[in-house]
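> Structure provided below as structure tokens; questions to follow.
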Amino acid sequence: MEPAPGPQEKYHLITRNLQEVLGEDKLMAILKERELKIYWGTATTGKPHVAYFVPMSKIADFLKAGCEVTILFADLHAYLDNMKAPWELLGLRTRYYENVIKAMLESIGVPLEKLKFVWGTDYQLSKEYTLDVYRLSSVVTQHDAKKAGAEVVKQVEHPLLSGLLYPGLQALDEEYLKVDAQFGGVDQRKIFTFAEKYLPSLGYAKRIHLMNPMVPGLTGSKMSSSEEDSKIDLLDRKEDVKKKLKKAFCEPGNIENNGVLSFIKHVLFPLKSEFVVLREEKWGGNKTYTAYEALEKDFAEQVVHPGDLKNSVEVALNKLLDPIREKFNSPELKKLTNAAYPNPSKAKPAEKGTKNSEPENVVPSRLDIRVGKVISVEKHPDADSLYVEKIDVGEPEPRTVVSGLVQFVPKEQLQDRLVVLLCNLKPQKMRGVESQGMVLCASSVGEPRQVEPLDPPAGCCAGERVYVEGYEGGEPDDELKPKKKVFEKLQADFRISEDCVAQWKQRNFLTKLGRVSCKSLKGGSIS
């Protein structure tokens, strides 16, 4: 039997791989006297994805350090955050989270009997907690509440009061769960400092806060539940894992915003303390790395090829996902998954004899709209009015798009420009050249006709998803069937607002950085 770790060793286990710790002295003082009580909370919104292995590996560290760990399924928070989880689905989604988080912990060898699992609504609807919410609201300013939730609560043009309550509830959770510390991502920092400022005003102690780094997604941005291509779902089939990794941003020698390398650093290395790059013998054979820095150095010097790196991640990741897939293959958990996350594109079929019934929902989330970067513009070989554009949308190869856009926008202004591309139309030949998408543009209503490409917010990257406000959670169709006319039906309600923002039924087109707009064609259509 191994001897129990001392305070210094416990401190190392608790803090390794963290980006920041608030309250280091208090942490060490507690460890010298007794075991640390800590909690990690997760709002039960979109499906958990593989980046959740980052906090899971830290929970394993906490248990090794002898901590008393509570996992909070923050169901009420999920509803308060712009109703990311509708009330009628709240219980189902929380049950899904509890089952999938437990399956993840089991897959990395964490003993569940050492953990305490709590639902937020178990105590957050009590008389005492509700009174404390009112007490807190009497001392917190609207400015501080909004600032605290800026990086966690979904930011919209007309924010709801519920989003201002969110940080206060998270602060009170520290008191009601009777913990010494809260653990979360560094995106929670403003909520953590909010808690440190306001809990003492209610007579409660200031807690310790431990922060993990944020993991870039496969497209190079933050891994997000609402961006399908940026994350790998825990229940994705092996062929889906391969497909998403194939599309992942992993430029030879580039270690910046490299989602594949980041996943190895923050997920695979902490779990196994090593990583094996699988290669054919003619390329040097397999190589085992016991330090991430050595792997990063070899990739930067192009000793390790992106293809070998992706294949190796695929093998390691599937080993983690296999037991989770197996558990969720049971009829009971399949039913729970489908009930908690109903497919918005699948409606009940119309009854026989019913006229004018839609066989399926026509919703904006069915459109695969992405930010694209124009990398070349060439004249069509067989049509004077058409041009062939190569557009990077975050895939291994750029897409070929045929359009007449150069009639309205000079060729030199299109080069290197960010555009908005509809990516899941069925490819079609245009004068012998296959077009693999449509650049969405604003068009004037009257004559002479004016056309302006839609502009993503500044700072966007090629491949980032564009979605309609309120429909960010759905999964786009692989390919829109021409006979169904899904795009045409949705396009009928596309408009440019009076402040030049692209909209569908007065809901804004958005990326994670803000609104999609055009330069000047207010009141125009979108095509």
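The values are calculated or read from the model by the stated rules, or taken from the named source; none is laboratory data. In this text the structure is predicted, and so the values were computed from the model without any measurement. Ideal geometry is used to build each Cβ from the backbone, glycine not excepted, and the neighbour counts take in all protein chains shown. With ligands, DNA and RNA removed, areas are computed over all heavy atoms of the protein, side chains included. Shrake-Rupley method; radii C 1.70, N 1.55, O 1.52, S 1.80 Å.
> Can you name the residue in the stretch 246-293 that is in a helix (DSSP H, G or I) and of a type in the set (Gly, Ala, Ser) and is also surrounded by the fewest Cβ atoms within 10 Å (Cβ to Cβ) among such residues? Walk me through how you get there before you give the answer.
Looking only at the stretch 246-293, we keep the residues that are in a helix (DSSP H, G or I), and these are 246-247, 259-272, 281-283, 292-293.
Subset that is of a type in the set (Gly, Ala, Ser): 259, 262.
Working: GLY259: 24, SER262: 21.
Among those that are in a helix (DSSP H, G or I) and of a type in the set (Gly, Ala, Ser), it is SER262.
> Pick out the one residue from ASP61, ASP25 that is in contact (Cβ under 8 Å) with a residue 24 or more places away in the chain, acidic (Asp, Glu) and out of contact with any strand residue (DSSP E or B) (no Cβ under 9 Å at 6 or more places or on another chain).
Values: ASP25 fails: in contact (Cβ under 8 Å) with a residue 24 or more places away in the chain.
Step by step, each of ASP61, ASP25 is checked, and only ASP61 is in contact (Cβ under 8 Å) with a residue 24 or more places away in the chain, acidic (Asp, Glu) and out of contact with any strand residue (DSSP E or B) (no Cβ under 9 Å at 6 or more places or on another chain).
> Same structure, new question: On the basis of being at pLDDT below 95, open to solvent by less than 50 Å² (accessible area, probe 1.4 Å) and part of a helix (DSSP H, G or I), does GLU88 make the cut? Quick ask: steps written out before the conclusion?
Details: at pLDDT below 95: yes; open to solvent by less than 50 Å² (accessible area, probe 1.4 Å): no; part of a helix (DSSP H, G or I): yes.
No.
> List the pairs whose first member sits in the stretch 198-222 and is closer than 18 Å to GLU20 by Cα and of a type in the set (A, V, I, L, M, F, W, C), whose second member is assigned to a loop (DSSP other than H, G, I, E, B) and at pLDDT below 75, and whose Cβ atoms are under 8 Å apart, counting only residues at least 6 apart or on separate chains?
VAL215/MET223
> Looking only at the stretch 492-527, filter to residues that are among the polar types (S, T, N, Q) and assigned to a loop (DSSP other than H, G, I, E, B); which one of those is farthest from PRO456 (Cα to Cα)? Show your work before the answer.
From the stretch 492-527, those among the polar types (S, T, N, Q) are 497, 503, 506, 508, 511, 517, 520, 525, 527; that's our starting set.
Filter once more, keeping what is assigned to a loop (DSSP other than H, G, I, E, B): 497, 506, 520, 527.
Values: SER497: 15, GLN506: 18, SER520: 14, SER527: 16 Å.
My answer is GLN506.
Okay, residues lined up against (1) in contact (Cβ under 8 Å) with a residue 24 or more places away in the chain; (2) over 24 Å from ALA195 (Cβ atoms); (3) open to solvent by less than 30 Å² (accessible area, probe 1.4 Å):
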position	(1), (2), (3)
PRO7	yes, yes, no
VAL21	yes, no, yes
LYS37	yes, no, no
TYR52	yes, no, no
TYR97	yes, no, yes
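> I'd like the full set of residues that are in a loop (DSSP other than H, G, I, E, B) and open to solvent by less than 10 Å² (accessible area, probe 1.4 Å), limited to the stretch 438-462.
Residues of the stretch 438-462 that are in a loop (DSSP other than H, G, I, E, B), as a first pass: 440, 444-450, 454, 456-462.
Answer for the stretch 438-462, where residues must be in a loop (DSSP other than H, G, I, E, B) and open to solvent by less than 10 Å² (accessible area, probe 1.4 Å): LEU440, LEU454.
> Let me ask something else about it. Does the stretch 114-133 hold any residues that are within 17 Å of PHE73 (Cβ to Cβ), open to solvent by 100 Å² or more (accessible area, probe 1.4 Å) and outside any strand (DSSP E or B), and which are they?
To start, the set of residues in the stretch 114-133 that are within 17 Å of PHE73 (Cβ to Cβ) comprises 115-126, 129.
This time we only want the ones that are open to solvent by 100 Å² or more (accessible area, probe 1.4 Å), so: 116, 122, 125.
Across the stretch 114-133, the qualifying residues are ASP122, LEU125.
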